[in-house]
Structure formats: C-alpha cells, structure tokens
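A short write-up of the structure that comes next.
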Amino acid sequence: MRNEPPGALRERVPLPARHQEPVLDVVVPVHNEEADLERSVRRLHAHLRETFPYPFRITVADNASTDRTPLIAARLAEELPEARWLHLAEKGRGRALRTAWSHSAAPVLAYLDVDLSTDLAALLPLVAPLISGHSDIAIGTRLARGSRVVRGPKREVVSRCYNAILRSTLAVRFTDAQCGFKAVRRDVAERLLPMVEDGGWFFDTELLVIAERAGLRIHEVPVDWVDDPDSRVHLVSTALGDLRGIARIGRALAAGRLPLAELRRSAVTTEPPGGLLSQLLRFAAVGVVSTVGYVLLYAALRPATGAQAANALALLVCAVANTAANRRLTFGVRGRTGAARHHARGLAAFLIGLALTSGALAALHHAAPGAGHRVETGALVAANLAATLLRFLLLRSWVFPGRHTPRTETGSR
C-alpha cells in the first residue's frame, strides 16, 4: 500500500465508469475452511461475474490453516482469473484483513465471511456508496428494520448485548459492529489501518470506532443473514477479548493518543471564510448574545445566591455555550473530534475570566461598599468585556490553534 503524506484526506470523488484494473477487491479470510472454501468462492465468483459492473478480484487470505485450505486456495487462484490467495503464518481475522487490504491496489476493499451467511444480493448496495464517492466505509447490519436474520437466541442475545455495550461505553452510532460484511475506500484504509491494533475479532469494532470518531461517513446496509451452525467463533473468549478491546480503545480516545486529524476529510473541519476581522465580527456577535444571557442569569441568581456565586454560575453556563458557539461559528470546527479538549481549554479560559470579573467585583465592594445593583452590574459588564477580549486571544492561539487560514469546503460528510 502506498504511503500518503500527512494531513487531511482529500475530497471523495466518484470512480470513473471505465476501469481496466480491479475496482473491488473482496477478501475472504479463512482458517481451516477446507469444507466450505471452494463452494463459497465459486459462488461468490459467479455472483460478481453476473452482477458487478466493474472489474473485480477475490483474495483468499489464509491465516495459519493446518488442513487442506492452502491447497484449495492455490487451485482456485489458478482456475479463476479474478482470484488470488495469500498465506499468513499467524492466526487472526484482523491480521489477515490488514495484510490483504494493505497489499491491494483496488480503490474499494471489502471482506465477507467464508460461510456466506450474508446474502450476496447486498454486496453491490454495500460498495456502491464507496464507488460513487458518497461514503468512506460501508457495513452490513443485521439490526436494521429492513434486515432479515435467522439465528439462535444465544447468538442473538450476545450480539445485541455487545452492540448495546458499545453504544453505552463508546457512544457509537453504527448499529452492528461484527457483521462479517464490510467495505472501505482504499485511501481511508491507508490512513486507518495503522491506527488499528487488534489482529483478531475486535478488528472490525476498533476500525469503526476510530473512523466514526474522526468524522468519516459510515453507510449501513440492511442485510439478510442466516446463522452458520458450524461457526468456529468461541463466544466466551471472543466476548472477553472484545471487552478488553473496548477498554483499550476507550482509554486511547480519552487520552487523545490517536491521530484522528489524519483521517479528517476537508469538510469535517472547515473554517468560515475571512481572516482576523471576520473572526472578530463573528466572535463579537456570539459575545453579545453571551453577555445578554450572562446579565439575565446574574440578575436572576443574585437574590438567592449572592453576588460572587451568581457571577460564577452565570459565567460558567455562558462560557460553555460560548465555547460551543465559537467552535462552530467563529473557528469553523465541526464534528465531535477534539470537542472534549476544546471545552477543557475553554474552561481554563473561563477561569481566567472568572478571576478578572470576581476581582473587579471584590474591588468594587472594597472601594464602594454601598454600591447598588446597577453599579455592580455595570462593573461586571466592563470586566466581562475585558475578559472576553482576552478569551478571544486564548481561543485563537490556544484552544483552536491553526484555525487562522481560511479554507474552502470541498466535500460533504
């Protein structure tokens, strides 16, 4: 796989209608699948020949098989011109996918399980959004309304519980992390695969979580799916490994150790047009609304809490809203990537503003103990304006650094 220069991903564009080389590379990861391999690959090959309008390739990725799987895969590669195979000395579905995808030149990369539990009629709808430039990743989902699933109650409960855990712990929005039916654009895979650590069953989940946090577009396709009664997946060990993976990726995201900026499309973080003056005008507009809200909150809280507490509470509420508004409107940052860090730094800027306004309030009470509410409010507004100017400088240089050069939006999420 070629190495891309650092920076945001380029705009998604549709693939040309005429292509000499394979547009789609479908990887079939296998481990000791001598019983199903030939029948499944020939069925997949016939389906693609009949229905797929572009050149394609089928890659059998054998990971450490000890039965006749390598011999069957080699024979299929000789007999079918669109087939190839590769052998890995180590076991692991994620490791097999990483290797096969990394060595493929096809602009769209996919994989499906060798048992073909997912109806192949969903394959073209799966990859079409990637070919058209609409999406970055596509996944089959067994949990959508249009899906038709036949499987035992045990696997049904395990699957739904796992996806519920993902939603509650990592706040994911995709519905089915583990359906063995996925595709990704190669330019995305080139950046994404080095960030994925797992080489086993958690590979899919980790890839999707990182992609979603980076703001990439994930397209879901309802599928018809029939459980394979001869599945080799060991539910207990796989579930424990998945829970460890969730904890690991959660820690990495919380600590900011993943370079998500390398996965952003140019449309995910786009700065509104204009330079410093334009930013100042937008910041001022947000500031006027924030100041009005601050004054109203302070006036409402003052009788019950006292001046200092009312000032702190009103400033805190307005600072959170102000940071969110400036993040989007003044500095053009979209998506959830970096939001926690931005708000944490915005809170630090708030504390500086609180020190300025609280100091002004304390100075007023020391110099004029009998000052009325109007004088008190006027002094706070003046101090708040000074704190606002300082806050703008902090937002520009520290909270949202590097957001000073105007850029044009070139794509859509």
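Summary table
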{"item": "HN-Hα J in Hz across the stretch 350-363 - Karplus 6.51, -1.76, 1.60, θ = phi - 60°, x for Gly and Pro", "result": "4, 4, 5, x, 4, 5, 5, 6, 5, x, 5, 5, 5, 5"}
{"item": "Using θ = phi - 60° and Karplus 6.51 cos²θ - 1.76 cosθ + 1.60, couplings along the stretch 152-167 (whole Hz; Gly, Pro as x)", "result": "x, x, 5, 5, 5, 5, 4, 5, 5, 5, 5, 5, 5, 5, 4, 5"}
{"item": "Structure-based [θ]222 nm, the chain - -39500 (n - 2.57) summed over DSSP H runs of at least 4, per residue, nearest 500", "result": "-16500 deg cm²/dmol"}
{"item": "R0 of 22 Å, Cβ-Cβ distance ALA17-GLU79: FRET efficiency to nearest 0.05", "result": "0.15"}
{"item": "Calculated from backbone phi, Karplus (6.51, -1.76, 1.60) coupling profile of the stretch 392-399 in Hz, x at Gly/Pro", "result": "4, 5, 5, 4, 6, 9, 10, 6"}
{"item": "Antiparallel bridges, percent of DSSP beta bridges restricted to the chain (to nearest 5)", "result": "30 percent"}
{"item": "Square roots of five times the Cα gyration tensor eigenvalues for the chain, Å", "result": "55, 23, 16"}
{"item": "Amide N of the stretch 139-164 lying under 20 Å from the label point, which is placed 7 angstrom from the Cα of ALA128 along Cα→Cβ", "result": "139-148"}
{"item": "Solvent-accessible area per residue, Å², over the stretch 1-119 with all protein chains present [probe radius 1.4 Å]", "result": "49 Å²"}
{"item": "Long-range HN-HN contacts of GLU34 with modeled amide H, under 5 Å", "result": "ARG68, THR69"}
{"item": "Under-5 Å amide H pairs with VAL149, H placed in peptide plane, nonlocal only", "result": "TRP225"}
{"item": "Candidates ALA304, ALA349, ALA247, ranked by Gaussian network fluctuation over the chain, Cα under 10 Å, top entry", "result": "ALA304"}
{"item": "Amide H contacts of ALA83 (H built 1.01 Å from N, under 5 Å, at least 5 apart or other chain)", "result": "ILE58"}
{"item": "Stretchable slack from SER102 to ARG42, in nm (0.36 nm times residue separation minus alpha-carbon distance)", "result": "19.2 nm"}
{"item": "Probe 1.4 Å, all protein chains present, accessible-area order of VAL13, VAL23, largest first", "result": "VAL13, VAL23"}
{"item": "Within-11-Å neighbourhood charge of GLU156 [Cβ basis; K, R +1; D, E -1]", "result": "+4"}
{"item": "Separation of alpha-carbon centers, the stretch 46-72 and the stretch 157-235, rounded to whole Å", "result": "22 Å"}
{"item": "The stretch 102-194, accessible surface, carbon-and-sulfur percent (1.4 angstrom probe)", "result": "58 percent"}
{"item": "Extension reserve of the ALA339-ALA171 stretch, reckoned as 0.36 nm per residue once the Cα distance is removed", "result": "59.1 nm"}
{"item": "Within a Gaussian network of the chain (alpha carbon springs, distance under 10 Å), most fluctuating of HIS103, HIS134, HIS31", "result": "HIS103"}
{"item": "Calculated P(r) tail over 25 Å for the stretch 53-171, as whole % of Cα pairs", "result": "39 percent"}
{"item": "Peptides ranked, highest mean first, by Cβ atoms within 10 Å: ranges 57-64, 378-385, 154-161", "result": "57-64, 378-385, 154-161"}
{"item": "The stretch 124-230: Rg to Rh, with Rh as the Kirkwood radius over Cα pairs", "result": "0.96"}
{"item": "Net charge of Cβ neighbours under 15 Å - reference LEU347; Lys, Arg +1; Asp, Glu -1", "result": "+4"}
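The values are calculated or read from the model by the stated rules, or taken from the named source; none is laboratory data. What you are looking at is a predicted structure, and each value in this text was computed from that prediction instead of being measured. Here the Cβ is made from the backbone with ideal geometry for all residues, glycine too, and neighbour counts use every protein chain on show. Ligands, DNA and RNA are stripped out before the accessible areas are found, and what is left, the full protein with its side chains, is counted by its heavy atoms. Shrake-Rupley method; radii C 1.70, N 1.55, O 1.52, S 1.80 Å.
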